[in-house]
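Student: I'd like to ask you about the structure that follows.
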Amino acid sequence: MEITLTINKVEKTCNINPGITLQKFLFSLGYRSVRDSDDSEGFSGSDTVLIDGLPMYASLLLAVQVQGKHVTTPESLIQGRKLSVVQQSMIDAGIVQSGYNAPAAALLITELLERVKDPKDEDIIDGLSGLFNRATGYKQFFHAVELAKKRLHDPDYSTQFVPEFRKELRHVGKVKNKIDGAKLVTGAKAFVEDMVDQNSCVLKMLRSPHAHAYIKSIDTSEAEDLPGVVTIITYKNCPDIYYGQAGQGFPEPSPYDRRMFNRKMRHVGDRVAAVAAETEEIAKKAIEKIKVEYEVLQPVLSIDEAMSEGAPIVQNGKLMFESGAPENLSEYNKS
């Protein structure tokens, strides 16, 4: 169907799938700052846009719902290659970290300062209440708003929020902006999803419903027979390569305790199978056709439970340490 809307003050008429979300529609048009970082559940805020001036989650809207409306994305903030006052203030205040929700934060702070000329802490909390941030601290957001507010009246205003140390050093102990800060705060191409070819496969994951269990059997035959399914990966055909679940690199002392897919499930949401297919719809159908039988085990839900006598052994199997020496935590190794 055809819709007409205004995006960042430019009127556009587009033919769309009636079921497409506004986030996917905008992303397909090149508005990369409107990101889906919560599987369209609507809690992270990285997909925030303004609809006729009001902040809304693009993942919770269908594109057809903005027919005739004005949509503002974070791309509207930058002029040419020059960052807006808010964007530069965010970088200087140190709140541009992962970059996934930084563009949305810039849009929300801009909207706040246009609406409230002298925002107090409660105004800032309210204005950013739709944003879920885990990448930086929280006090810096108040610093960024204060800095932007003053720079809107005095473009040359500058201040330093944290002290510097060690005069003899050039970098350690010094206040430095992120090298990629401008790219992240504007929503420019910076992530794997920005480089994906148009004809790339879609991967969907089947995850464990149990906190502690073994996979007794798994049957992927029906799923593999679906046209458009390229491959399915489980513990049976996963490469026997171990890595550290802690996610850190050398010299991180934690053991290399996991393969990409394991027979043992150690938490709710653990990886059971991955489907690579030509479309998202096919991948979802294939996931539904995978048959799994679990041997459910007693979970360990606290440190006290883990330390108690006779506690279940969660970490069965081979562990690889950086020395390369394997170690088993139990005689019963099903991993």
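Student: Kindly provide the pair-distance distribution of segment 48-188 built from C-alpha pairs, with 5 Å bins from 0 and whole-percent values in order of increasing distance.
Tutor: Each 5 Å bin holds this share of Cα pairs: 2, 9, 19, 21, 20, 14, 7, 4, 2, 1, 1, 0.
Student: If you don't mind, another one. Points 7 angstrom from Cα along the Cβ direction at residue 295 and residue 216: gap in nanometres?
Tutor: 0.9 nm
Student: Also: Which links in 12/189; 189/264; 9/139; 167/189 stretch past 27 Å when you go from one Cα to the other?
Tutor: Violating the 27 Å Cα-Cα cut-off are 189/264; 9/139; 167/189.
Student: Of 120/174; 69/178; 204/289, which sit over 24 Å apart, Cα to Cα?
Tutor: 120/174; 69/178
Student: Take the Cα radius of gyration of the chain and divide it by 2.2 N^0.38 Å, with N its residue count; two decimals is plenty.
Tutor: Its radius of gyration relative to the 2.2 N^0.38 Å reference: 1.22.
Student: Between segment 272-316 and segment 143-162, how many Å separate their Cα centres?
Tutor: A separation of 49 Å, based on Cα centres.
Student: Still on this structure, I have one more. Among rounded, prolate and oblate, which fits segment 106-201 when a ≥ b ≥ c are the square roots of the eigenvalues of its C-alpha gyration tensor, a/c under 1.5 means rounded, and a/b larger than b/c means prolate?
Tutor: Judged from the Cα gyration tensor, segment 106-201 comes out oblate (a/c at least 1.5, b/c at or above a/b).
Student: Using DSSP, restrict attention to beta bridges with both residues in the chain and report what percent are antiparallel, rounded to the nearest 5.
Tutor: 95 percent
Student: If you roll a 1.4 Å probe over the heavy atoms of the protein chains, what accessible area per residue do you get for the chain, in Å²?
Tutor: Accessible area per residue: 58 Å².
Student: Zone of residue 199 (label point 7 Å along Cα→Cβ, backbone N under 14 Å): which residues in segment 269-285?
Tutor: 278-279
Student: If DNA, RNA and ligands are ignored and the probe is 1.4 Å, what is the ranking of 64, 145 by accessible area, most exposed first?
Tutor: The ordering from most to least exposed comes out as 64, 145.
Student: Round to a whole angstrom and tell me the spacing of the C-alpha centers of segment 63-88 and segment 168-243.
Tutor: 29 Å
Student: Heavy-atom accessible area of residue 174 with all protein chains present, probe 1.4 Å, nearest 10 Å²?
Tutor: 50 Å²
Student: How big is segment 1-109 by the Kirkwood estimate over distinct Cα pairs, in Å?
Tutor: Across segment 1-109, the inverse of the average 1/r is 14.1 Å.
Student: Long-range amide H contacts for residue 191: which residues qualify at under 5 Å (H placed 1.01 Å from N, peptide plane, sequence gap of 5 or more or a different chain)?
Tutor: none
Student: Ignoring everything but the protein chains, give the 1.4 Å probe accessible area of residue 21 in square angstrom, nearest 10.
Tutor: Accessible area of residue 21: about 30 Å².
Student: Calculate log10 I(q)/I(0) of segment 55-117 for q = 0.14 Å⁻¹, where I(q) comes from the Debye formula with a single equal point scatterer on each Cα and nothing for solvent.
Tutor: Relative scattering, expressed as log10 I(q)/I(0), comes to -0.48.
Student: Across segment 13-54, how large is the tail of the calculated P(r) beyond 11 Å, expressed as a percent of all Cα pairs?
Tutor: 68 percent
Student: Further, regarding this structure: Once the cut-off is 22 Å, how many percent of the Cα-Cα pairs in segment 195-313 end up in the long-distance tail?
Tutor: Of all Cα-Cα pairs in segment 195-313, 46 percent lie more than 22 Å apart.
Student: If you average 1/r across every pair of different Cα atoms in segment 181-231 and take the reciprocal, what Kirkwood value do you get, in Å?
Tutor: 15.3 Å
Student: Extent of segment 139-264 along each principal axis, from alpha carbon coordinates, in Å, largest to smallest?
Tutor: Taking max minus min along each principal axis of the Cα atoms, segment 139-264 gives 66, 39, 27 Å.
Student: Taking the convex hull of the alpha carbon atoms in segment 146-196, what volume per residue do you get, in Å³?
Tutor: With only Cα atoms used, segment 146-196 gives 124 Å³ per residue.
Student: Quote the FRET efficiency, to the nearest 0.05, computed for residue 43 versus residue 67 with a Förster distance R0 of 22 Å and r equal to the Cβ-Cβ distance.
Tutor: That pair, residue 43 with residue 67, gives E of 0.25.
Student: Additional query: Given the Cα-Cα distance of residue 280 and residue 167 and 0.36 nm per residue of separation, how much length would full extension add, in nm?
Tutor: That works out to 35.2 nm of additional length.
Student: So the label point goes 7 Å from the Cα of residue 9 along Cα→C-beta, right? Which residues of segment 94-129 then have their backbone N under 18 Å from it?
Tutor: 107-108, 110-115
Student: Further, regarding this structure: If I stretch the segment between residue 267 and residue 237 completely, what's the gain in nm (0.36 nm per residue apart, minus their alpha carbon distance), one decimal?
Tutor: Residue separation times 0.36 nm, minus the Cα-Cα distance, leaves 8.7 nm.
Student: For the residue pair residue 52 and residue 114, what label-to-label distance in nm results when each label sits 7 Å from Cα along the Cα-to-beta-carbon direction?
Tutor: Label-label distance for residue 52 and residue 114, simple model: 1.5 nm.
The values are calculated or read from the model by the stated rules, or taken from the named source; none is laboratory data. In this text the structure is predicted, and so the values were computed from the model without any measurement. Neighbour counts are summed over all protein chains in view; Cβ atoms, including those assigned to glycine, are modelled from backbone coordinates with ideal geometry. Heads up: the accessible areas ignore ligands, DNA and RNA and are worked out on the full protein's heavy atoms, side chains in. Shrake-Rupley method; radii C 1.70, N 1.55, O 1.52, S 1.80 Å.
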